[in-house]
Amino acid sequence: MRSFIPTEAYQEPASASTSSRPKTVLVNGGAGFLGSHLCERLLERGHQVICLDNFYTGRRVNIEHLLQNTRFQLLEHDVRQPYDMEASVIFNFASPASPPDYQRDPVGTLLTNVLGAVNTLDAARRSGATVVQSSTSEVYGDPHQNPQRETYFGNVNPIGPRGCYDEGKRSAETLFFDYHRKYGVDIKVGRIFNTYGPRMRLDDGRVVSNFIVQALSNTDITIYGDGRQTRSFCYVDDLIDGFLRFADAGENCVGPINLGNPAEITVRDLAEIVLDLTNSRSRLVYLSAVADDPQQRRPDISRAREDLNWWPTTELKTGLKRTIAYFDALLTHKEVVEAV
Ligand SMILES: NC(=O)c1ccc[n+]([C@@H]2O[C@H](COP(=O)([O-])OP(=O)(O)OC[C@H]3O[C@@H](n4cnc5c(N)ncnc54)[C@H](O)[C@@H]3O)[C@@H](O)[C@H]2O)c1
């Protein structure tokens, strides 16, 4: 059964296609790490924001401070179920993102990405909304090309433990482009590379949060493999800025566009920096490598520079200090300062 999700009595402006005019914006997965930052930034721009989430990995605390805002609305809904929405823009960020989260329910993850894409594209088609997809660098799998450009088709193991996420995201991209070609839906597909910052969960199992939490608690820092695998880390504010520019770009700008920080670092070097910034007594401990863990991960962001005039500006150490302050506050039960 299709659930119709009503919006508050809000007058949509005649033209809702420019960044300066207020719009009704739906953020699927808005109670998650990235989605909550996106909701915040959209409200700051004066938009009416509807946060849709089933709280699989999202948390109420991420959006608690937004609930008093009369332009913010929270809807508990699962994107695997059809829905209707009168919105000008839909950001589809609903999907678990960290390997432990998505591997806990692999079938659910695949369906969230595939059915979530179908239901979101159908809603966009009915309402005429622009729909922005949060895809991932995981569509490149364990790449044979470094840095990864959008033209690279990737090297993904469809039957491995990461397949539910990687193939779910790849199928979602296919659906986005087919709805665009077949039905003229206004789409934008952004491929996110590792992004970090405040509001990641203590236990989400991502490398940045793992290292910071281990360092702050002076427990062993666990590195999977020899630590020479590389990653590129983008601070959350930079990433959200990229997505907002993408949403505001003209309808010919559909992507896919890589959004991430091209500064590449080994996992071992990341651990050393975290140790240094936290003055930690933790030791580095090496565990066996994880199946299908990519050895290299670095975006080529020429397309984002050219089409969106966007590139990240936050230095790794600056972003890490803000993230460490956030986790430090969480671990010591201090009030978490929203301003970090
Ligand atoms: N953070 C990163 O480094 C990164 C990298 C690549 C891609 N992404 C993508 O960005 C998006 C957001 O990631 P995040 O890091 O904020 O993760 P997150 O787990 O913090 O947020 C995901 C949100 O989606 C919600 N959700 C999950 N399944 C849902 C469903 N079936 N129906 C409705 N809501 C559902 C969760 O409850 C959560 O609030 C995801 O699509 C993820 O694949 C993130």
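Within segment 50-74, count every residue that is of a type outside the set (Lys, Arg) and away from the ligand (no atom under 12 Å from the Cβ).
Result for segment 50-74: 10.
Only one of Ile324, Ile301, Ile257 is closer than 19 Å to Ser98 by Cβ, β-branched (Val, Ile, Thr), in contact (Cβ under 8 Å) with a residue 24 or more places away in the chain and surrounded by 15 or more Cβ atoms within 10 Å (Cβ to Cβ). Can you tell me which?
Ile324
Evaluating Thr130 against the criteria (1) without any contact (Cβ under 8 Å) to a residue 60 or more places away in the chain; (2) surrounded by 16 or more Cβ atoms within 10 Å (Cβ to Cβ); (3) of a type outside the set (Phe, Trp, Tyr) leaves one unmet condition, (1). Out of all the residues in segment 159-181, is one or more touching a strand residue (DSSP E or B) at 6+ places or on another chain (Cβ under 6 Å) and in a loop (DSSP other than H, G, I, E, B)? Scanning segment 159-181 turns up no residue that is touching a strand residue (DSSP E or B) at 6+ places or on another chain (Cβ under 6 Å) and in a loop (DSSP other than H, G, I, E, B). Once segment 1-52 is narrowed to residues that are of a type in the set (S, T, N, Q) and at pLDDT 95 or above, the residue that is nearest to Ala247 (Cα to Cα) is Thr24. Of the candidates Gly30, Gly35, the single residue that is near the ligand (Cβ under 9 Å from one of its atoms) and either over 27 Å from Arg297 (Cβ atoms) or in contact with a helix residue (DSSP H, G or I) (Cβ under 6 Å, 6 or more places away or on another chain) (or both) is Gly30.
State the number of residues belonging to segment 124-146 that are among the acidic types (Asp, Glu) and outside any helix (DSSP H, G or I). Of the residues in segment 124-146, 1 are among the acidic types (Asp, Glu) and outside any helix (DSSP H, G or I).
Kindly indicate which of Arg191, Arg170, Arg201, Arg206 is more than 30 Å from Asp276 (Cβ to Cβ), within 14 Å of the ligand (Cβ to nearest atom) and in contact (Cβ under 8 Å) with a residue 40 or more places away in the chain. Steps first, answer last, please.
Values: Arg170 fails: in contact (Cβ under 8 Å) with a residue 40 or more places away in the chain; Arg201 fails: more than 30 Å from Asp276 (Cβ to Cβ); Arg206 fails: more than 30 Å from Asp276 (Cβ to Cβ).
So the residue among Arg191, Arg170, Arg201, Arg206 that is more than 30 Å from Asp276 (Cβ to Cβ), within 14 Å of the ligand (Cβ to nearest atom) and in contact (Cβ under 8 Å) with a residue 40 or more places away in the chain is Arg191.
The values are calculated or read from the model by the stated rules, or taken from the named source; none is laboratory data. Here the structure is a predicted model, which means the values were calculated and not measured. In this analysis, Cβ positions are derived from the backbone assuming ideal geometry, glycine residues included, and neighbour counts consider all displayed protein chains.
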